[in-house]
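This report concerns only the one structure given below.
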Amino acid sequence: MSGTFVGMPAFPEAARAALADTQLRHNLAHATTTIRNKRARVVGEVEGWEDLRLTGAAIKENALRDLERNLLALEASLQANGATVHWANDAAEANAIVARIARSHDVDEVVKVKSMATAEIGLNEALEAEGIAAWETDLAELIVQLGEDLPSHILVPAIHRNRAEIREIFLRRMAGAGRPAPEALTDEPAELAAAARLHLREKFLRAKVAVSGANFAVAETGTLVVVESEGNGRMCLTLPEVLVSVVGIEKVLASWQDLDTMMRLLPRSSTGERMNPYTSTWSGVTPGDGPQEVHVVLLDNGRTRALADEVGRQALRCIRCSACLNVCPVYERVGGHAYGSVYPGPIGAILNPLMKGTGVDEQTDSLPYASSLCGACFEVCPVRIDIPEVLVHLRGKVVDGHRGDTVPKAEAVAMRATAWAFSDSRRLALAERASGLAGRVLGRVGRATLPGGRAAAGRIPGPGAGWTGARDLPAPPRESFRGWWQRTKGGRS
Ligand code: SF4
């Protein structure tokens, strides 16, 4: 199952709270606009970008179609290169494997490369329960960890924080985790980065065990790939004696040729760069160079459940670029925490229900509705995941899951009442008369005029308040067509 922040309310409730935070909305609008514009500029430079997207989608689709064969090939290549391969069905199994490896080296701390898979399984918390500190070394992850906060973006987990807030976190929390921040620290980005660098360096030099994820895993050579911007990943992947990589099974690619296409799509789509500063690749153990003990944990944790969904399986093509978050009007206003998961935004709205299953809890079932279905996410997705299609599909599954409820939802009651009224002409006539009366009442409380001069009711009290709180409800016409026909004899009088 995908990681869900413990105790998070369903999306509408969490979104309402987030919308009230003006500082958060300001930070998000600034950050997403900047990344969005950068991405648009560098994508615009590539001739044949749409063809590249098609190729990327086909590569991932083929890798998933042949998943078993590719994974077995990856395992064989890794083993031939001296790595130990573990298979984990779920988060508990994966966490136990990593903890066992760390304990076998008698360490009480590990350094970490930014990794969505380890955030998904709650590895830091699991290691902490075993008395092992897991230090995040990516700058944004460090900010989140020191602030005892939750990540809110796939690529920039601290996107909801501004410079002043980061300075305050560093001054208050760094000392408790190692080297303190300089007392005279300002909120200049260079100074903040320097403080983080000094704080982290002693951890890199001390750590015996590192934990990473992988952006891609190439089956033909048993090569894992980490794409990053700060160089912290490279430090973790080369300095410690032991390296454990937790890799979702959907990360597998058949060949290096496939990786070439992905490396052209990912940096432009994520950070808006032509090429990211650090791309690290490693294929098992190289004697005398880098970690001499390499473990790879291949993680399912709901991915095969998603694969079994014929419409939804395309979500497993995701390369976690986060472009869909940066263009999403819903994400831009509510931020990542409202989605209650390490996977926020449009991709989170489909990935979480696909990996956990619908009908499991209210929070997950609310996610497919966290979208206006505007389609901007599909337009920017480098591997052409049709997120709106999957959202609609999942909404159907959520509704299907409630068909047998003993206490039906208000929407189901309304639909049943409508079906009952529409199935009999006398009942329909009565309903029309009632609707005309409602039209006269609502017309009086109307706050706006719709195109064509019709009244729109404002927020109406009672069960309809949730619907009309965010929409104009067209007031029903004062007279039905049937009434008009009878009164005017079909327009002749
Ligand atoms: S769904 Fe597409 S756009 Fe969104 S993070 Fe995944 S690859 Fe990127």
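Points to keep in mind about this one:
- Shape category assigned to the range 263-329 from the gyration tensor of Cα positions, a/c cut at 1.5: oblate
- Partner lysines for LYS356 [C-alpha distance under 17 Å; skip if fewer than 8 residues away on the same chain]: LYS397
- Alpha-carbon Debye profile of the range 112-267, log10 I(q)/I(0) at 0.14, 0.19 Å⁻¹: -0.74, -1.24
- Calculated P(r) of the range 220-371 - Cα pairs past 18 Å, %: 66 percent
- Dimensions (Å) - the range 288-367, Cα atoms, principal axes, largest first: 50, 29, 21
- With a simple spin-label model that places each label point 7 Å from the Cα along the Cα-to-Cβ direction, the separation between ARG305 and GLU13 comes to 2.1 nm.
- Over 23 Å [Cα-Cα, the range 34-164], rounded percent: 56 percent
- Between the range 307-340 and the range 201-236, the Cα center-to-center distance that results, in Å: 24 Å
- One equal scatterer on each Cα of the range 11-303, no solvent, Debye formula: the resulting log10 I(q)/I(0) at q = 0.13, 0.15 Å⁻¹ is -0.99, -1.28.
- Stretch in the chain that is longest and holds no trypsin sites (Lys or Arg not before Pro) that DSSP places in a loop and that have at most 12 other beta carbons within 10 Å: 1-273
- For the range 247-327, applying the loop criterion from DSSP together with a ceiling of 13 other beta carbons within 10 Å to the GluC sites (Glu not before Pro) yields GLU310.
- For the range 283-416, the Rg and Dmax computed from alpha carbons only, in angstrom: 18.1, 71
- Pairs from LYS38/LYS203; LYS38/LYS251; LYS38/LYS114 whose Cα-Cα separation, in the structure shown, is over 30 Å: LYS38/LYS203
- Restriction of the GluC sites (Glu not before Pro) in the range 121-225 to DSSP coil positions whose beta-carbon has at most 12 other beta-carbons within 10 angstrom yields GLU148, GLU183.
- Between the range 23-72 and the range 357-382, the Cα center-to-center distance that results, in Å: 17 Å
- Across the chain, Cα pairs under 8 Å and at least six residues apart give a relative contact order of 19 percent.
- Cα centroid separation, the range 273-301 to the range 124-153: 21 Å.
- 17 Å tail of the calculated P(r), the range 10-96, as % of Cα pairs: 75 percent
- Pairwise Cα separations in the chain fall into 20 Å bins from 0 onward with the following percentages, short to long: 21, 49, 21, 8, 1.
- Solution diffusion estimate, µm²/s, Stokes-Einstein, the range 21-72, Kirkwood Rh from C-alpha pairs, 4 °C, viscosity 1.567 mPa s: 92 µm²/s
Coordinate-derived values only; no laboratory data. Please read all numbers here as calculations on a predicted model, not as lab measurements. Because the Cβ atoms are built from the backbone with ideal geometry, glycine has one as well, and the counts that use them run over all protein chains shown.
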